[in-house]
Each structure stands twice: as structure tokens, then as C-alpha cells.
Amino acid sequence: MGQVLVAYATRGGTARDIAEAVAVVLRDAGHDVRTADLRASRPPVDGVDLVVVGSGISAGAWYPEATAWLAAVEPKLRSTQVAIFNTCLNAANPAKRDESLAYNRAVADRLKAGPGESFAGRYVPEHVSWWRRLFLRTMQKPTQDHLDLDAVRAWASTLT
Ligand SMILES: Cc1cc2nc3c(=O)[nH]c(=O)nc-3n(C[C@H](O)[C@H](O)[C@H](O)COP(=O)(O)O)c2cc1C
């Protein structure tokens with residue numbers, strides 16, 4: 001059994017739902033799993049064998065609490081297995097797979113981690129702040145939900 005931390009940054013709840021699905025898979029595999037919302041806490045990584053960290057994407061970037069936390073803990077992660085994911089709308093379009101994975105690049109480079117995964121997300125206007133709604137309205141993005149938890153579970157089962 002290993003110690004696992006699944007940390008996430010979310011605005012609309014999608015990355016949280018992904019993190020919780022990952023946590024269930026890893027718990028079922030016998031690991032001791034903690035989840036952490038990076039807006040609410042900055043969890044320590046001491047003694048953790050696997051860190052799974054993910055974020056929703058805004059204007060091509062991970063949410064700032066995720067990158068700030070990673071910058072703080074990165075020196076302690078050099079000998080820790082790390083898996084990263086993002087959730088975004090572009091991932092719903094197979095033709096935009098490279099673009100969606102590229103949102104992970106800055107984090108992957110910093111952590112010297114693999115490319116990670118990008119999960120098709122969702123956009124529910126009522127779940128995000130007014131200025132984010134405005135941004136998505138100007139981009140003509142309607143309400144949509146592409147979250148595929150089976151795909152998340154399949155990925156999670158490859159992590160240990
Ligand atoms: C203000 C804003 C900007 C976004 N920018 C992007 C983007 O650049 N690329 C993309 O594919 N999706 C973009 N999205 C879609 C989100 O990444 C998607 O809704 C994701 O599932 C949100 O995750 P969360 O619910 O965990 O916050 C944007 C959404 C909002 C509200």
C-alpha cells in the first residue's frame with residue numbers, strides 16, 4: 001500500500017469530480033488516498049509515494065493555485081512519482097488533442113513529469129463567476145458536459 005495525494009484546482013467542479021473518481025480507483029487498489037482542493041489548502045507532500053494533480057484550464061493555463069502550490073512543493077517532488085491532468089473543452093474535440101495536452105506542458109516541464117492526460121470537461125454557466133461567463137459568451141460557448149468518468153477511471157488504473 002502506498003500513500004497517495006490527489007490534488008486539484010477547480011472553478012466549476014469538473015477537476016474535483018475527476019480527482020474523486022481517481023481517488024476511488026486508487027483506494028480500491030489498496031492505497032491510502034487523500035484528496036485536496038488547492039483553493040482550500042496547500043497539502044504537504046512529505047511521505048507521499050504518488051501525487052496526482054490536475055486543474056481546469058482558463059485561457060490556456062492551469063488555475064493559479066495549482067501552479068503556486070506546485071512551485072512551492074516542487075523541490076520535494078523530485079523523487080516522487082507525479083501524474084498530471086487537466087480538464088478543458090478542447091479535449092472534447094479529438095482534432096484538438098495535441099492542443100489540450102499542451103496545456104500540461106509548463107507543469108510537466110517544471111516537474112520533469114510525463115505529458116499527463118487531458119479530459120474533456122464541462123461548462124455550466126451557473127457554476128462559474130460572472131466574468132468567466134462573459135468570457136465564454138464572447139467565445140460563443142454554450143452549456144456543455146463532456147465529462148467521461150470511465151475514461152478517468154481507465155487512466156487512474158494505469159497510475160500504480
Ligand atoms: C473563463 C474560461 C476560460 C476557459 N479557457 C479555456 C481554454 O483556453 N481552453 C479550453 O479548452 N477550455 C477552456 N475553458 C473551459 C474549461 O477549461 C472547462 O470548462 C473545464 O472543464 C473547467 O474545469 P473546472 O470545472 O474544474 O473548473 C475555459 C472556461 C472558462 C470559464
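The values are calculated or read from the model by the stated rules, or taken from the named source; none is laboratory data. On a predicted model such as this, the values are computed, not experimentally measured, just so you know. Here the Cβ positions follow ideal geometry from the backbone for every residue, glycine too, while neighbour counts run over all protein chains shown.
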Inset, instruction - Can you confirm whether the range 29-45 contains a residue that is farther than 20 Å from Gly12 by Cβ, in a helix (DSSP H, G or I) and more than 13 Å from the chain's Cα centre (by Cα)? - result: no
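Residue-by-condition table, conditions (1) hydrophobic (A, V, I, L, M, F, W, C); (2) surrounded by 15 or more Cβ atoms within 10 Å (Cβ to Cβ):
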{"residue": "Tyr103", "(1), (2)": "no, yes"}
{"residue": "Ala108", "(1), (2)": "yes, yes"}
{"residue": "Ser118", "(1), (2)": "no, yes"}
{"residue": "Trp130", "(1), (2)": "yes, no"}
Inset, instruction - Could you list, in sequence order, all residues of the range 138-153 that are surrounded by 12 or more Cβ atoms within 10 Å (Cβ to Cβ) and in a helix (DSSP H, G or I)? - result: Leu149, Ala151, Val152, Arg153
Legend entry - Considering residues of the range 99-115 that are at pLDDT 95 or above, in a helix (DSSP H, G or I) and of a type outside the set (D, E, K, R) only, the residue nearest to the ligand (Cβ to nearest atom): Ser100
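If a residue has to be over 15 Å from Asp145 (Cα atoms) and either within 8 Å of the ligand (Cβ to nearest atom) or of a type in the set (Asp, Glu) (or both) to count, how many in the range 11-23 make the cut? Working first, answer last.
Keep residues of the range 11-23 that are over 15 Å from Asp145 (Cα atoms), which gives 19-23.
From what's left, either within 8 Å of the ligand (Cβ to nearest atom) or of a type in the set (Asp, Glu) (or both): 20.
Adding up the residues that qualify gives 1.
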Legend entry - Test for Ser55: is it at pLDDT 95 or above and part of a strand (DSSP E or B): yes
Legend entry - Residue check, Lys96 over 22 Å from Glu65 (Cα atoms), within 15 Å of the ligand (Cβ to nearest atom) and touching a strand residue (DSSP E or B) at 6+ places or on another chain (Cβ under 7 Å): no
Legend entry - Hits in the range 62-85 - residues which are of a type outside the set (Ser, Thr, Tyr) and surrounded by fewer than 15 Cβ atoms within 10 Å (Cβ to Cβ): Pro64, Ala68, Ala71, Ala72, Pro75, Lys76, Arg78
Inset, instruction - Starting from the range 106-120, take each residue that is in contact (Cβ under 8 Å) with a residue 60 or more places away in the chain and within 10 Å of Phe85 (Cα to Cα) and list its partners that are among the hydroxyl-bearing types (Ser, Thr, Tyr) and surrounded by 13 or more Cβ atoms within 10 Å (Cβ to Cβ), counting only C-beta distances under 6 angstrom and pairs at least six apart or across chains. - result: Phe119/Thr87
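Across the range 70-93, what is the total count of residues that are more than 19 Å from Thr14 (Cα to Cα) and in a helix (DSSP H, G or I)? Let's see the steps before the verdict.
Within the range 70-93, the subset more than 19 Å from Thr14 (Cα to Cα) is 70-82.
Adding the requirement that they be in a helix (DSSP H, G or I) leaves 70-77.
Total satisfying the criteria: 8.
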